[in-house]
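One structure is given here, and the rest of the page talks about it.
The values are calculated or read from the model by the stated rules, or taken from the named source; none is laboratory data. Everything quoted here is computed from the prediction, not taken from an experiment. Glycine gets a Cβ as well: all are built from the backbone with ideal geometry, and neighbour counts include every protein chain shown.
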Amino acid sequence: MAEGKIVAGVDTGKLEEFRSAQQKDPVILGLKAKALWEGEMGRATVHIGPYKLNRENIDRPTRQYTTAYGAWKEVEEAVGMVGPTDRQEPVEMALGAMAACVVNSITFNAYRHGIKLDDLEVTVSTDVNPDVLFELRGPEEHTACMQNLRAEIKVKGEGLTPEKLEIIKKLAEHSPVDGLVAQANRITHIVTT
């Protein structure tokens with residue numbers, strides 16, 4: 001196993017071995033999230049637990065995450081919920097996942113382009129019109145519901161030339177969650193009883 005320079009807490013030799021192996025025999029991650037309705041409109045508890053690394057099931061107590069989703073108290077009041085509370089809102093959580101994934105995409109690749117990062121901050125924002133959610137528009141109009149979707153990337157480091165900033169912008173586009181949001185992905189919906 002090649003030992004490399006440690007950059008931002010990662011052995012770059014091992015990272016390059018992984019990248020090389022990935023080209024020959026790709027690692028596939030089997031991911032899953034399960035939402036359970038709480039019996040009140042607009043509220044769900046989401047569980048994230050085991051995942052698959054290729055065909056190996058990875059399950060340990062520290063992989064068990066539970067999050068209560070809903071909306072903000074003011075929005076719950078506006079739609080008529082009895083006993084409104086503040087919850088984590090699903091679109092915000094998706095934006096947070098996108099921001100974190102963009103950080104990963106940039107940091108796992110910047111060093112290969114000679115970019116030394118001292119600081120990195122990614123803020124993802126959008127304006128949401130909930131018409132599709134409330135069946136006032138059809139699902140084909142989802143893109144009209146999220147306007148001004150933007151990822152603002154603030155970087156600090158030595159020698160950040162305009163060319164290197166352009167590379168960082170391109171690296172952001174390699175984020176899988178960025179792609180999930182930005183690209184037209186076809187989702188298969190299966191309904192069972």
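Observations on the model:
- Test for Val124: is it surrounded by 15 or more Cβ atoms within 10 Å (Cβ to Cβ), modelled with pLDDT of 95 or more and either within 26 Å of Lys14 (Cα to Cα) or out of contact with any Pro (no Cβ under 9 Å at 6 or more places or on another chain) (or both): no
- The strands (runs of 3 or more DSSP E) located wholly in region 1-107 that include 2 or more residues which are surrounded by 13 or more Cβ atoms within 10 Å (Cβ to Cβ) occupy 44-48, 51-53, 65-69.
- Breaking point among (1) surrounded by 14 or more Cβ atoms within 10 Å (Cβ to Cβ); (2) free of Cβ contacts under 8 Å to residues at least 60 places away in the same chain, for Leu171: (2)
- Options Lys154, Lys164; residue that is touching a residue at least 12 places away in the same chain (Cβ under 8 Å), out of contact with any Ser or Thr (no Cβ under 7 Å at 6 or more places or on another chain), charged (D, E, K, R) and not in a helix (DSSP H, G or I): Lys154
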